[in-house]
Amino acid sequence: MNIPPTVIPNADDYLETRVVFGGTKRSIFSKAFKGGSINNIFGSTEIDLSCADINGIAVLDITQVFGELVITVPADWHIDADFSQFMATVEDFRNNVYQTRSTEKVLLLKGNSTFGLVQIQQPA
């Protein structure tokens, strides 16, 4: 019997954080970032993707209640926020955000945000 090898994706290509009444900071250096999941309940998460790269679409599944998420992304990435919000906001503080029309690198934010804040910023 010949058993095929198990393919384990690179752990650096996926992000998974869970924060309850706390905070976390993560820097991602993957050159093939695929996305992941972020869960904030009365928590704060800072994700630095400024040294990462994506091919096509990367999906971040966000679930937050009274949470804050700060994402630092390169200027050439297109951000698409498609998640339900209740008393929540998404703010993009990147310069020239309206000139970013390329669809080659898309970070899709999906999920739920209740009384939350998602901030998108560019590297310093």
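Under the 0.36 nm per residue contour assumption, what length would be gained going from the current alpha-carbon distance of C51 and A124 to full extension?
Contour length minus the Cα-Cα distance gives 25.1 nm.
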task = For V20 and F86, calculate 0.36 nm times their separation in residues minus their Cα-Cα distance, and state this gained length in nm to one decimal.
result = 21.8 nm
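Every read-out reported here was derived from the displayed coordinates using simple, explicitly stated rules and does not represent laboratory data. All figures in this text were calculated on a predicted structure; none of them were measured in a lab.
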